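Inspection log for the structure reproduced underneath, given as structure tokens.
The values are calculated or read from the model by the stated rules, or taken from the named source; none is laboratory data. Here the structure is a predicted model, which means the values were calculated and not measured. All Cβ positions, glycine included, derive from the backbone under ideal geometry; neighbour counts span all protein chains shown.
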Amino acid sequence: MESYQKELKQIKEILKNSPKGMTVTDISREMHTNRNSVAKYLDVLLISGQAEMVTFGPAKVFFPSRRIPLSALLNFTSDSIVMIDRDFRVIQVNDNFLEFIDLDREYILNVKIDTSSLPFFSTSELIENIQDALDGKESIREIQLLLQDTTPYIRIRNIPTTFDNGEPGVTLIIEDITEQKMIQDQLLQSNKEWEMTFNSITEMVTIQDENYVIRKANKAFASFFDGNPEDFIGKKCYELIHDLQEPHELCPCKKALKKKKPHQTEFFEPHLDAFLHISTSPIFSQEGRFSGSVHIMKDITKKKE
């Protein structure tokens, strides 16, 4: 692809000296160039954001771009940014990126990333995503880097870009998500530990919402009803325990809801042919609204015998 650098620069100078704007005819006359060529050059300037156009009736009037310089704009964001040309050469970076990789600008500009020994660009997946962006496909990827002293997680958005000379390139917007990943891992670990504790309880435990619908059941509860915990999610406790279509008159959940405090009871349940001890503790939302209960059930048949 031809870059037309000389012609583009000439048009920008002409527009700069004509604050009231110029038409294609005006510019072609100034350059002594035919209108079709000038229109082509103007398309490149419009696409790359170096010129602006306003329509006045049938006439199209062109003005120099009033954009903030790219080098200044790159440092307005908290993300790290790298701009790469079609030859995989780094042509621009912002200060955040330099701080992230702990290098001075002169060690990164004009580096060909596909042959570079810099750790940041050593991931084959990164190179493949940049090639996809050069082919016009935008993508977002999360990868873990292997740097000298750290192994950060980053999220990279690979954006197809057209540069000032009309040539294709890629802009990488890089977000350090290491802390976010650590929090996610901690939450996953906490959830696993909670699940292990929940399922190690020998009593039959369920967590139910305000409509007596089971949202969580432990293994002891599931085993009592000859199933797996997930089999009972979404079912109503009084249907399982009492084979009823509404809460039992002795239901401790109903009383916990009414009094907004823990409640327990014992009774013989014909449907299960068992004496049961059930205790419930209400669950409240942050707004103080009753949102469900923890339901703990014991089979005390042998004790009663």
Checklist entry - Tell me, which helices (runs of 4 or more DSSP H) lie completely within the stretch 1-50 with 1 or more residues that are within 18 Å of THR161 (Cα to Cα)? => result 5-16, 35-47
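Hey, could you check the stretch 220-239 for residues that are among the charged types (D, E, K, R) and either outside the structural domain of LEU250 (by TED's automatic domain parsing) or within 15 Å of HIS295 (Cβ to Cβ) (or both) and say which is farthest from the chain's Cα centre (by Cα)?
GLU239
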Next on the checklist: Looking at THR206, THR197, THR202, can you tell me which residue is among the polar types (S, T, N, Q), within 24 Å of ALA274 (Cβ to Cβ) and exposed (fewer than 12 other Cβ atoms within 10 Å of the Cβ)?
Outcome noted: THR202
Checklist entry - Regarding TYR212, is this residue more than 17 Å from ASP299 (Cα to Cα), in contact with a Pro (Cβ under 7 Å, 6 or more places away or on another chain) and not charged (D, E, K, R)? => result yes
Next on the checklist: Anything in the stretch 110-129 that is touching a strand residue (DSSP E or B) at 6+ places or on another chain (Cβ under 7 Å) and surrounded by 13 or more Cβ atoms within 10 Å (Cβ to Cβ)? List them, or say none.
Outcome noted: VAL111, LYS112, ILE113, THR123, LEU126, ASN129
Checklist entry - Can you tell which of ASN211, ASN199 is on the phi < 0 side of the Ramachandran plot and in a helix (DSSP H, G or I)? => result ASN199
Checklist entry - Hey, does the stretch 241-253 have a residue that's surrounded by fewer than 15 Cβ atoms within 10 Å (Cβ to Cβ), in the same structural domain as ILE207 (by TED's automatic domain parsing) and under 19 Å from GLU203 (Cα atoms)? => result no
Checklist entry - Which residues, taken from the stretch 270-299, are over 46 Å from the mean Cα position of the chain (by Cα) and outside any strand (DSSP E or B)? => result PRO270, HIS271, LEU272, ASP273
Item to check | ILE283 being crowded, with 18+ Cβ neighbours inside 10 Å, closer than 20 Å to LYS235 by Cβ and of a type in the set (A, V, I, L, M) | outcome: no
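From the set of residues in the stretch 56-98 that are more than 19 Å from MET22 (Cβ to Cβ) and among the hydroxyl-bearing types (Ser, Thr, Tyr), which is modelled with the highest pLDDT? Full working, then the answer.
We begin by selecting, within the stretch 56-98, every residue more than 19 Å from MET22 (Cβ to Cβ); these are 68-98.
Pick out the ones that are also among the hydroxyl-bearing types (Ser, Thr, Tyr) and you get 71, 77-78, 80.
Numbers: SER71: 58, THR77: 75, SER78: 80, SER80: 90.
Filtering first and then ranking leaves SER80.
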Checklist entry - Looking at the stretch 11-49, which of the residues that are touching a Ser or Thr at 6+ places or on another chain (Cβ under 6 Å) and touching a residue at least 60 places away in the same chain (Cβ under 8 Å) is surrounded by the fewest Cβ atoms within 10 Å (Cβ to Cβ)? => result ILE47
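Would you be able to tell me the number of residues in the stretch 97-115 that are outside any loop (DSSP other than H, G, I, E, B), of a type outside the set (Val, Ile, Thr) and more than 17 Å from VAL170 (Cα to Cα)?
Just the residues of the stretch 97-115 that are outside any loop (DSSP other than H, G, I, E, B), to begin with: 97-101, 105-107, 112.
Now narrow it down to the ones that are of a type outside the set (Val, Ile, Thr): 97-100, 105-107, 112.
Next, only the ones that are more than 17 Å from VAL170 (Cα to Cα) stay: 98-100, 105-107.
Matching residues across the stretch 97-115 total 6.
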Next on the checklist: Being exposed (fewer than 14 other Cβ atoms within 10 Å of the Cβ) and not small (Gly, Ala, Ser) is the filter here; which residues of the stretch 214-232 pass it?
Outcome noted: ARG215, ASP226, ASN228, GLU230, ASP231
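Please go through the stretch 173-215 and pick out each residue that is over 16 Å from the mean Cα position of the chain (by Cα) and aliphatic (A, V, I, L, M).
LEU187, LEU188, MET196, ILE201, MET204, VAL205, ILE207, VAL213, ILE214
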